[in-house]
Amino acid sequence: MRYRLRARVLLGLVALGALGAVVIPAPVAGAARSGAKELVGTFKLAAGSCSGTTPSGTYFRMIFPGGTIAAGKFFDNPDSTCTDQSYTLASPGTAGGLINGKYQADPTPAFSTSGGALASSIVQPQSFTAINFGIATNPTDPQTGLAVPAPVIKDKNGKLSGQVEAWSADWNNLHFNQGSPKPDGTKPGLTQAVSGTYNAKTHAFVLTWASAVVGGPFNGFTGYWHLQGTFKPKKS
Amino acid sequence: MRQHLGRSITGHWVSVTGVLGRSTPGPRVDVVPPQSTEQSPRTWTLVVLAVLGIALIVMPAAFGMFARAPKGAVMLTEFRPFMTTSRLDGFQRDIKQINAGVQQSRHSVASYLDDGSADGSSGSFKADYPNFASFAAQWGAIDTHMTSLLESVQGNLGNYQAVAALPSFRLFPWFFVVPGVLVLLLVATMVIRPRRRRTVRWVLVAVGLGLVLAPAVFQMFQRAPKGGQMMSAFKTIETTSNVETIQGYFGAMAVGQGAIRLELVPALERTGLTRAEINTRFPALATLDQRWVHILNDMTPMIGAMSDNVVNYQAIAALPPFPLFPFFFVLPGLLIAGVALAAPGQKRQHQVSSEPSGPLSPDSSRN
């Protein structure tokens with residue numbers, strides 16, 4: 001009698017489960033649910049340029065604590081070739097740029113004896129106040145020690161979004177997480193989400209975000225990143 | 001039949017074989033001449049000891065020590081690489097070298113580039129090298145502030161070392177909690193196991209003396225006041241505002257050095273001077289140019305440590321003043337030892353006859 005009752009209960013639960021599976025849609029991948037599609041390939045970077053009235057290509061700026069992304073106050077890099085030296089231009093690295101969904105980790109060692117960054121996959125090391133800085137994305141963020149996902153950028157009708165939590169600027173023997181969101185998932189200070197545009201026909205893209213520096217000598221500063229170039233889909 | 005009477009901490013009379021309420025009605029019992037030599041702690045002593053134990057346990061929580069003391073430990077650890085004579089001397093040297101390079105640039109180099117202008121203040125040098133001119137105008141204030149800050153830090157090196165020689169700040173809350181728990185357990189033992197109270201009493205005295213001696217053992221009387229001096233000296237250094245000011249200096253110095261490296265030196269080279277001749281003629285400028293990366297390597301982590309420890313400093317500053325800490329051990333220690341010594345009370349040597357011979361009068365047998 002007891003066994004029969006248990007069997008009935010079990011059967012009932014199975015039936016409920018089956019009903020639920022039919023009636024309630026199964027969780028779908030974020031991309032499918034939001035309609036955003038992960039771009040598989042490399043965001044090939046165009047070198048930064050100050051030849052026009054406004055800088056173009058790939059560059060970054062650093063904003064002092066208390067400033068704003070639009071109006072600064074900006075940190076001037078004397079090594080910038082721009083008239084407005086708050087723009088530090090970057091040129092594509094050995095991988096040509098940012099590989100979507102993959103880590104582009106720091107080399108070992110990550111720094112030269114003078115503290116210059118050696119990471120050169122995403123961008124070529126660029127002088128910042130006489131010391132080279134570089135960019136890397138590591139499974140473990142070297143500043144916070146937290147595990148971070150590989151950068152993922154998605155496209156939805158020409159609008160880019162995603163996360164670059166692992167984005168790390170290396171300079172002067174120091175690592176500065178410059179991701180958005182930050183490795184703990186927050187968006188402190190002036191941190192702004194990744195956004196941008198993507199032309200599916202020409203594959204031209206512009207990707208921007210801002211990331212507050214949390215901790216270290218530049219605590220309270222904000223890095224503003226502007227990546228521009230052409231997306232190169234991965235050949236399947 | 002005879003019963004030995006003791007007193008519980010509530011003041012009720014307790015017999016070994018039963019409990020007799022103070023006003024227990026019933027047959028009269030006689031209090032007979034004492035025969036037992038067992039001692040009983042005074043009630044108040046046990047209460048005071050229990051209160052002291054609880055106070056020791058509660059005190060770290062009341063002062064927020066569990067959250068703040070570890071931050072102090074972090075601060076001391078993160079300052080350690082910089083708090084050495086050689087490192088602090090190095091920072092002073094960095095600032096002096098920047099100062100020498102700036103002064104030489106604004107006078108000798110400016111004069112040279114202006115081709116005879118007295119001190120470069122004629123206007124053309126400033127106009128030709130606005131980045132350097134802007135930095136040079138700020139440098140006096142930067143130099144004064146940074147030199148003063150470094151002197152203050154260097155002046156507190158001994159104080160820092162004294163504090164760093166104390167046991168880890170992480171342990172401090174436990175230095176109160178552990179004796180507190182111990183005191184409570186011992187008091188409980190005295191109540192539950194009266195036969196052991198003589199031994200327990202001496203353990204309590206030992207715990208008290210341990211607390212009294214701890215500051216002496218750890219040299220807290222010398223070190224804690226030094227910690228207090230360090231905290232006072234760092235009060236104006238470890239602030240967000242000060243750190244942001246120094247970050248601003250860093251930006252200004254980077255621009256200034258960039259102007260020397262990328263504008264003045266090339267300008268000197270354009271006059272026909274070789275690098276060697278520049279080094280000979282303008283050694284301070286050359287030294288700054290050559291050592292700039294080293295200066296950045298040296299000073300940037302220090303700014304990072306200063307910035308990262310503003311919160312930690314504030315946490316420690318919110319604790320009671322350092323010089324009081326030894327007394328947080330000594331006073332409870334003295335009280336515990338003193339009260340424990342007073343704990344036995346008078347010898348109580350009671351025997352109670354169960355034979356009715358008159359009304360029970362506990363007062364007559366009290367201390």
Inset, instruction - From A:S236, A:S211, grab the single residue that is of a type in the set (S, T, Y), out of contact with any Leu (no Cβ under 6 Å at 6 or more places or on another chain), away from chain B (no Cβ under 14 Å) and closer than 18 Å to A:N100 by Cβ. - result: A:S236
Inset, instruction - Please work out which one of (1) modelled with pLDDT under 90; (2) buried (at least 16 other Cβ atoms within 10 Å of the Cβ) is the condition B:G123 fails and give its number. - result: (2)
Inset, instruction - State whether the residues of segment B:88-95 include one that is more than 19 Å from B:G256 (Cα to Cα) and open to solvent by 20 Å² or more (accessible area, probe 1.4 Å). - result: yes
Inset, instruction - Return the only residue of B:R261, B:R197, B:R223, B:R170 being touching a strand residue (DSSP E or B) at 6+ places or on another chain (Cβ under 9 Å) and touching a residue at least 24 places away in the same chain (Cβ under 8 Å). - result: B:R197
Inset, instruction - Hey, could you check segment A:102-125 for residues that are within 14 Å of chain B (Cβ to nearest Cβ) and either touching a residue at least 12 places away in the same chain (Cβ under 8 Å) or of a type in the set (F, W, Y) (or both) and say which is farthest from A:A204 (Cα to Cα)? - result: A:S114
Legend entry - A:Q85 vs. criteria within 14 Å of chain B (Cβ to nearest Cβ), without any contact (Cβ under 8 Å) to a residue 24 or more places away in the chain and assigned to a loop (DSSP other than H, G, I, E, B): yes
Legend entry - In segment A:145-165, residue surrounded by the fewest Cβ atoms within 10 Å (Cβ to Cβ) [restricted to those that are outside any loop (DSSP other than H, G, I, E, B) and touching a Gly at 6+ places or on another chain (Cβ under 6 Å)]: A:K156
Inset, instruction - With respect to A:T202, determine if the residue is away from chain B (no Cβ under 14 Å), not in a strand (DSSP E or B) and not aromatic (F, W, Y). - result: yes
Inset, instruction - Pick out, from segment B:276-348, the helices (runs of 4 or more DSSP H) lying fully within it that include 1 or more residues that are open to solvent by less than 20 Å² (accessible area, probe 1.4 Å) and within 14 Å of chain A (Cβ to nearest Cβ). - result: B:283-308, B:310-317
Inset, instruction - Out of A:T197, A:T230, report the one residue that is in a strand (DSSP E or B) and touching a His at 6+ places or on another chain (Cβ under 8 Å). - result: A:T230
Legend entry - Tally of residues being open to solvent by less than 50 Å² (accessible area, probe 1.4 Å), under 15 Å from the mean Cα position of the chain (by Cα) and over 15 Å from A:D141 (Cα atoms) across segment A:172-192: 1
Inset, instruction - Would you confirm whether any residue within segment B:95-102 is more than 23 Å from B:L262 (Cβ to Cβ) and in contact (Cβ under 8 Å) with a residue 60 or more places away in the chain? - result: no
Inset, instruction - Assess whether B:F234 counts as being open to solvent by 60 Å² or more (accessible area, probe 1.4 Å) and away from chain A (no Cβ under 14 Å). - result: no
Inset, instruction - Look through A:T81, A:T94, A:T42, A:T54 and report the one residue that is more than 27 Å from A:N173 (Cα to Cα) and open to solvent by 50 Å² or more (accessible area, probe 1.4 Å). - result: A:T54
Inset, instruction - Return the total of residues in segment A:97-117 being under 19 Å from the mean Cα position of the chain (by Cα), farther than 23 Å from A:G162 by Cα and open to solvent by 20 Å² or more (accessible area, probe 1.4 Å). - result: 1
Inset, instruction - Would you confirm whether any residue within segment A:122-129 is within 17 Å of the chain's Cα centre (by Cα) and surrounded by 22 or more Cβ atoms within 10 Å (Cβ to Cβ)? - result: yes
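Residues are listed down the side, and each one gets a yes or a no for (1) open to solvent by 60 Å² or more (accessible area, probe 1.4 Å); (2) of a type in the set (K, R); (3) under 30 Å from B:N156 (Cα atoms); (4) modelled with pLDDT of 95 or more:
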{"position": "B:R196", "(1), (2), (3), (4)": "yes, yes, no, no"}
{"position": "B:T199", "(1), (2), (3), (4)": "yes, no, no, no"}
{"position": "B:N242", "(1), (2), (3), (4)": "no, no, yes, yes"}
{"position": "B:F250", "(1), (2), (3), (4)": "no, no, yes, no"}
Inset, instruction - Looking for whichever is crowded, with 19+ Cβ neighbours inside 10 Å, in a strand (DSSP E or B), within 12 Å of the chain's Cα centre (by Cα) and within 14 Å of another protein chain (Cβ to nearest Cβ) here; the options are A:A169, A:A136. Which one fits? - result: A:A169
Legend entry - Residue ID - nearest to the other protein chains (Cβ to nearest Cβ), chosen from residues in segment A:58-78 that are open to solvent by less than 20 Å² (accessible area, probe 1.4 Å) and under 17 Å from A:S127 (Cβ atoms): A:P78
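The values are calculated or read from the model by the stated rules, or taken from the named source; none is laboratory data. Predicted, not measured: the structure shown is a model, and the values here were computed from it. Here Cβ is always computed from backbone atoms with ideal geometry, including for glycine, and neighbour counts include all displayed protein chains. Quick note on the areas: whole protein, heavy atoms, side chains included, nothing else; ligands and nucleic acids left out. Shrake-Rupley method; radii C 1.70, N 1.55, O 1.52, S 1.80 Å.
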